[in-house]
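A short write-up of the structure that comes next.
The values are calculated or read from the model by the stated rules, or taken from the named source; none is laboratory data. All values derive from a computational prediction rather than experimental measurement. Using ideal geometry, Cβ is built from the backbone for each residue, glycine included, and neighbour counts are taken over all protein chains shown. Note: areas computed on protein heavy atoms with side chains; ligands, DNA, RNA excluded. Shrake-Rupley method; radii C 1.70, N 1.55, O 1.52, S 1.80 Å.
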Amino acid sequence: MQYNVVVIGSGPGGYVAAIRSAQLGFKTAIIEKYDTLGGTCLNVGCIPSKAMLDSSEHFHNAKEHFKEHGIDIPAPKVNFTQMVKRKGDVVKANVDGIAFLMKKNKIDVHTGVGSFVDKNTIKITAKDGKETTITTEKVIIATGSKPTPLPFAPFDKKRIISSTEALELKEVPQHLIVIGGGVIGMELGSVYARIGSKVTVVEFLDSLIPTMDGTMGKELQRSAKKLGMDFYLGHKVTAVENKGKEVIVKAEAKDGKAIELKGDYCLVSIGRRPYTDGLGLDKVGIETVKGQIPVDDHLKTKVDNIYAIGDVVKGAMLAHKAEEEGVYVAEQLAGQKPHVNYLLIPGVVYTWPEVASVGYTEEQLKSAGRAYKTGSFPYKALGRARASMDLDGLVKILADKQTDEILGVHIIGARAADMIAAGVTAMEFRASAEDVARMSHAHPTYMEAVKEACLAATANRPIHL
Ligand code: FAD
Ligand code: NAI
């Protein structure tokens, strides 16, 4: 079979690249080693984790907040089997949707491991060992990433687990020890904290979600503590041992003080690493650097007809970043002049309250020596937040001191994940804080906090504070 474009990997990078390629008139194929399409994001990442976050938040609200809203129900109980089953149904609906989109766009789906024979020939090895070979003009590698293990404690998938197993447990842990207080640690940690686990997070750095603006980490820790989560920040894990029904985690603070934690599960969420196993990169002379496939500014590898996108290349490991890159490469192949604005790829943590950010953090502006001003507005001063009892959180706007151009939008609070799109829009159009402050925002909404924070950033004139 002869194609214009072959995409290896069907995650959000790969399937989007395939759809856009087909839309642009290329004869396109996609190769996926698993039986379902959608990659990490749809099968074991974004979608199942959000399904569990939503279910656990419903339970938490029923248990903690219904009474105050005037809804009396018998004490709710967790039916964990049903919770996990519903998550599976949500995943199935999504991955089936991708299969439908492949058909609709006349994209050939090849199931099996794709590996280079040469720069225009790809071998597909099915589970039963059957091999097929296809040829193509262009190749887009979108093979994604896998969880990073601790060097001294590999995943045993029973007690020492990654996010993949944490989404498929058969029971609610009694005590879940989470190593790494980043996005996965906080999202999945909060799921289990809400449904009854004791959750302890051990984080190497001094802040949670340390790549985000420092204020966000502090506020998130405060709200997570209300859920009963415990934290050991600035702790280096020295040992993790599976003792059968128990797992023991040892860690050390900077002053050398040692701690020992006993739990029944240990979730290791210390980041993900790019995945290129079995791809046969050596056949085309591509060498990885720190696991990543090196690409130029046009996402082209050192081989003229081979491109790479998503988690397997540099940049944020996010589904929507991978999608943007998929569209970028396809449009470029069609002779268009696409663009990805990496500064404006938003980052979201789907805890409750949610955390969402775009642009520069205050720490980045400080270290770049850029003159900036800030404006903040707390959720507790919003009528909408009082009505829903979502009082935790704030909006923080960073703007250039001279020009007033918005440089960063950082939100922790209810619906932050959806609200951040307004920050992206404002920054894409290079709005000033004054521009946003002068736009009418519907009342009562959480978005009023963005307007008020912009008022605070411009001559400190919030109305409701
Ligand atoms: P992937 O989605 O990893 O897909 C790569 C695909 O390639 C896989 O299906 C793999 O089987 C296949 N493959 C690999 N090698 C071969 C081969 N040789 N032949 C054939 N197929 C191959 N991001 C967000 O933006 N929002 C979120 O809410 C979010 N939540 C997450 C929650 C969790 C628990 C995790 C783990 C991740 C989450 N992410 C989230 C990150 C997101 O999943 C990734 O950034 C995204 O999936 C990357 O897309 P990709 O296309 O680069 O790779
Ligand atoms: P992460 O990079 O978000 O967090 C890892 C955390 O572990 C960091 O805080 C780091 O300081 C800490 N750490 C590293 N080594 C450690 C050690 N030895 N001991 C203790 N702490 C250690 O990575 P995470 O949470 O594993 O997620 C992987 C990727 O998946 C993220 O980069 C993210 O892009 C993506 N993801 C995105 C989500 C979203 O967009 N909502 C949700 C989940 C994952």
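Miscellaneous remarks
- Test: residue in segment 124-135 that is of a type in the set (A, V, I, L, M, F, W, C) and without any contact (Cβ under 8 Å) to a residue 24 or more places away in the chain: yes
- Subset of segment 52-84 [in a helix (DSSP H, G or I), of a type outside the set (A, V, I, L, M, F, W, C) and surrounded by 11 or more Cβ atoms within 10 Å (Cβ to Cβ)]: Asp54, Ser55, Ser56, Glu57, His58, His60, Asn61, Lys63, Glu64
- Tally of residues being within 16 Å of ligand 2 (Cβ to nearest atom) and open to solvent by less than 10 Å² (accessible area, probe 1.4 Å) across segment 28-41: 1
- With respect to being in contact with a helix residue (DSSP H, G or I) (Cβ under 9 Å, 6 or more places away or on another chain) and touching a residue at least 24 places away in the same chain (Cβ under 8 Å), Val183 falls outside the description.
- Any hit, segment 333-343, residues being of a type outside the set (D, E, K, R), surrounded by fewer than 20 Cβ atoms within 10 Å (Cβ to Cβ) and near ligand 1 (Cβ under 9 Å from one of its atoms): no
- Scan of segment 213-248 for residues that are within 13 Å of ligand 2 (Cβ to nearest atom) and open to solvent by 60 Å² or more (accessible area, probe 1.4 Å), ordered by number: Tyr232, Lys236, Thr238
- Residue in segment 328-347 that is within 17 Å of Leu281 (Cα to Cα), of a type in the set (Val, Ile, Thr) and within 16 Å of ligand 2 (Cβ to nearest atom) present: no
- For the residues Ala253, Ala239, Ala319, the requirement of being free of Cβ contacts under 8 Å to residues at least 40 places away in the same chain and either in contact with an Asp or Glu (Cβ under 7 Å, 6 or more places away or on another chain) or under 30 Å from Lys158 (Cβ atoms) (or both) singles out Ala253.
- The set of residues in segment 195-208 that are open to solvent by 10 Å² or more (accessible area, probe 1.4 Å) and more than 21 Å from Glu246 (Cα to Cα) comprises Phe204, Leu205, Asp206, Ser207.
- A single entry from Lys119, Lys106 fulfils the requirement of being buried (at least 18 other Cβ atoms within 10 Å of the Cβ) and charged (D, E, K, R): Lys119.
- Qualifying residue in segment 131-149 (condition: open to solvent by 50 Å² or more (accessible area, probe 1.4 Å) and either aromatic (Phe, Trp, Tyr) or under 23 Å from the mean Cα position of the chain (by Cα) (or both)): yes
- Some residue of segment 299-311 being out of contact with any His (no Cβ under 7 Å at 6 or more places or on another chain), in contact (Cβ under 8 Å) with a residue 24 or more places away in the chain and within 13 Å of ligand 2 (Cβ to nearest atom): yes
- Within segment 278-288, the set of residues being open to solvent by 70 Å² or more (accessible area, probe 1.4 Å) and within 7 Å of ligand 1 (Cβ to nearest atom) is empty.
- Count - residues of segment 156-168 that are out of contact with any Ser or Thr (no Cβ under 8 Å at 6 or more places or on another chain) and open to solvent by less than 20 Å² (accessible area, probe 1.4 Å): 3
- Subset of segment 178-197 [over 22 Å from Thr211 (Cβ atoms) and part of a strand (DSSP E or B)]: none
- As a summary of the residue check, Ser21 satisfies the conditions (1) open to solvent by 30 Å² or more (accessible area, probe 1.4 Å); (2) modelled with pLDDT of 95 or more; (3) more than 28 Å from Ala193 (Cα to Cα) except for the one numbered (1).
- Within segment 93-104, at least one residue is part of a helix (DSSP H, G or I), acidic (Asp, Glu) and under 23 Å from the mean Cα position of the chain (by Cα).
- Residue list for segment 304-332, restricted to those being within 16 Å of ligand 1 (Cβ to nearest atom), open to solvent by less than 40 Å² (accessible area, probe 1.4 Å) and in a loop (DSSP other than H, G, I, E, B): Ile309, Val313
- Scanning segment 29-50 turns up no residue that is away from ligand 1 (no atom under 14 Å from the Cβ) and of a type in the set (Asp, Glu).
- Residue match in segment 249-259 (condition: surrounded by 17 or more Cβ atoms within 10 Å (Cβ to Cβ) and either β-branched (Val, Ile, Thr) or not in a helix (DSSP H, G or I) (or both)): yes
- Close contacts from segment 444-462, counting a first residue that is modelled with pLDDT under 95 and a second that is part of a helix (DSSP H, G or I) and open to solvent by 30 Å² or more (accessible area, probe 1.4 Å), with Cβ to Cβ under 9 Å and a gap of 6+ residues or different chains, come to Ala459/Glu434.
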